[in-house]
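Below: one structure, written as structure tokens.
None of the figures in this text is laboratory data; all of them are computed from the coordinates on show. Everything quoted here is computed from the prediction, not taken from an experiment. Glycine also receives a Cβ, built like all others from the backbone with ideal geometry; neighbour counts cover every protein chain displayed.
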Amino acid sequence: MRTVVEEGDVGRTFGAVLRSARSVRGLSATETARGGGISPAYLNRLENDAVKRPSPEVLHRLAGVLGVPYAELMALVGYQVPGTDGSPDPARLDATLFTDLTDDEREELIEYLAWYRARKRSRRTGASSPSRD
């Protein structure tokens, strides 16, 4: 899973990253907004990329609620972050989202990934899709 916008990368915007992080954490929009000290309507605007550059203060609060590095959110929306090259680190964002997985969740994800990759391979070769029990 990539979490940053790259040239030609459709759908992986700042808003998509927020939605993904919220989903991984199992938080509702209302819970996330409340924890971040913003309105649910403003969170909706952020998640739909209607706000292009939220304030550093809002990013800081959302980083805390969603458990993602503040500097990564800052870089993702285009703020200069001292001590970095200014680009977000997708590996660090992804790793942060999954640090609190249980062993069962980790095993399920690995099983799903194996199934998903086999399905992609079978589609390329024209074979029937593997079933997932």
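Pull out the extension gain between ARG25 and ASP103, defined as 0.36 nm times the separation in residues minus the alpha carbon to alpha carbon distance; nm, one decimal.
On the way: separation 78, 0.36 × 78 = 28.08 nm, distance 1.59 nm.
Here the segment from ARG25 to ASP103 would lengthen by 26.5 nm.
Take the Cβ-Cβ distance between THR84 and ASP49 as r, set R0 to 25 Å, and report the resulting FRET efficiency rounded to the nearest 0.05. Each step should come with its number before you reach the end.
On the way: r = 23 Å, r/R0 = 0.91.
According to the calculation, E is roughly 0.65.
With each label point set 7 Å from Cα along the Cα-Cβ vector, what nm distance links ARG123 and ALA41?
3.9 nm
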